[in-house]
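What follows is a set of notes on a single structure, which appears directly below.
The values are calculated or read from the model by the stated rules, or taken from the named source; none is laboratory data. All figures in this text were calculated on a predicted structure; none of them were measured in a lab. Here the Cβ positions follow ideal geometry from the backbone for every residue, glycine too, while neighbour counts run over all protein chains shown. Accessible surface is based on the protein model in full, side chains and every heavy atom, while ligands, DNA and RNA are left aside. Shrake-Rupley method; radii C 1.70, N 1.55, O 1.52, S 1.80 Å.
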Amino acid sequence: MKFILILLRVLVGVLFIFSGLIKANDPLGLSYKMDEFFEVLHMTFMSHYSLVYSVTMNVFEIVAGVAVLLGYRMRLFSVLLLLLIIFFTFLTGYALFSGTIKECGCFGDCIKLTAEQTFYKDVALLVMILVIFTYRKRIQPLFPKMASNIIMAAALVFSFGVQWYTLSHLPFVDCLAYKVGNNIPEKMKMPPGSTPDVYETTMIYEKNGERKEFTMENYPWADSTWKFVDRKDKLVKKGIGEPGIKDFILTDFDGGNQTQAILSEPKPVYLFLVLNTATAGKGWDAKMQALQKKMEANEVYIYGVTGSSKEAVAAFEKAHGISFPFVQMDGTAIKTAGRSNPCLILLEQGTIKGKWHYNDIP
């Protein structure tokens, strides 16, 4: 039994540390995934604190993983781990069986698992943690108390420090489709051999108090006595593959599509991503004004990319002393492209040549 306990502690501890470190590389990405869960569960009021929850959860995963390896205060950490894995199993089970969320983000964007893979991974972890919880009194500390306290404190400081750095700059490892070196037009194409999802549409009509389902082939379009009630789209065949970049559509404030013109421009193009002008970070004004002089000298092009309104952008330009044109893009696409608000991306004919947090704009 002693060997089994050691093996389970190593497996659980390493997996939790690994999971926490991957997500600590991109805490904003986890917060966006949390927002998705909050929306599905009708708990959008919690979205205001999703980044706090993200950072806290990553810290706990790393610290708890270290505690399990060290055998540190196992009466406490075995209970906390059990509660956490029960919560995770509920969420991943809900995602799998409800079909509302495709990926749970348990290993961030670097290692993508399907909802099914994530659920069974959590079930296996639940079994292992139950064994550790049951035999927690048999687990002895690996090091003396003072040494264990120092290691745990170091793990705590390290896990906070990594996330402070990535939030103040950009992730150490960019696992997104918008990483430096990728060509956006190529990433927007379906991969070879891929097929789209196939859906079956069901139309629900009512007549004389009775509801009946029809397909698109036989619904009573010519019979006015049937009243339309609802429509359902059911996935009948899961597609294979999908483009790495979706919803990269740049439009001016009049609705004109500028995507192709910007991606095919032979001169260097800077995209200044501002998800929300009201919550944009500060301290970048002088750098962008200097870059704007290159645009005025006809050396480069600069486009602001935002999800904010035309009026909000006008106030933003005036406040920061910038005058380059702005285009609009879907907020989810902006969050995926740049993990800071603002974020600067350099394109050369659609290929990403540079990417900077607003604190690091050259």
Requested in this report: Please enumerate the residues belonging to the stretch 255-295 that are free of Cβ contacts under 8 Å to residues at least 40 places away in the same chain and under 16 Å from Asn183 (Cβ atoms).
Outcome: Thr259, Gln260
Query raised in the report: Looking only at the stretch 196-245, which residues are out of contact with any Ser or Thr (no Cβ under 9 Å at 6 or more places or on another chain), closer than 30 Å to Asn183 by Cβ and either open to solvent by less than 90 Å² (accessible area, probe 1.4 Å) or at pLDDT 75 or above (or both)?
Result: Asp197, Val198, Gly244
Report summary line: Among (1) in a loop (DSSP other than H, G, I, E, B); (2) over 22 Å from Ile22 (Cβ atoms); (3) touching a Ser or Thr at 6+ places or on another chain (Cβ under 7 Å), Leu170 falls short only on (2)
Query raised in the report: Limited to the stretch 146-190, what total is found for residues that are within 12 Å of Pro243 (Cβ to Cβ), open to solvent by 50 Å² or more (accessible area, probe 1.4 Å) and not acidic (Asp, Glu)?
Result: 4
**Report entry** Identity of the residue in the stretch 300-316, hydroxyl-bearing (Ser, Thr, Tyr) and in a loop (DSSP other than H, G, I, E, B), that ends up most open to solvent (accessible area, probe 1.4 Å)
**Finding:** Ser309
Report task. Would you mind finding the one in Phe107, Phe143 that is at pLDDT below 85 and closer than 22 Å to Leu8 by Cβ? Result -> Phe107
Query raised in the report: Which one is nearest to Thr92 (Cα to Cα), of the residues in the stretch 1-39 that are touching a residue at least 40 places away in the same chain (Cβ under 8 Å) and loosely packed, with under 13 Cβ neighbours inside 10 Å?
Result: Val10
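Does the stretch 317-362 hold any residues that are assigned to a helix (DSSP H, G or I) and open to solvent by 10 Å² or more (accessible area, probe 1.4 Å), and which are they?
First, pick out the residues of the stretch 317-362 that are assigned to a helix (DSSP H, G or I): 317-320, 331-337, 358-360.
Within the stretch 317-362, Glu317, Lys318, Ala319, His320, Gly331, Thr332, Lys335, Thr336, Tyr358, Asn359, Asp360 meet the criteria.
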Query raised in the report: Only one of Val173, Val162 is of a type in the set (A, V, I, L, M), within 19 Å of the chain's Cα centre (by Cα) and over 21 Å from Tyr53 (Cα atoms); which?
Result: Val173
Query raised in the report: Can you pull out the residues in the stretch 253-299 that are in a loop (DSSP other than H, G, I, E, B) and buried (at least 18 other Cβ atoms within 10 Å of the Cβ)?
Result: Leu275, Ala280, Trp284
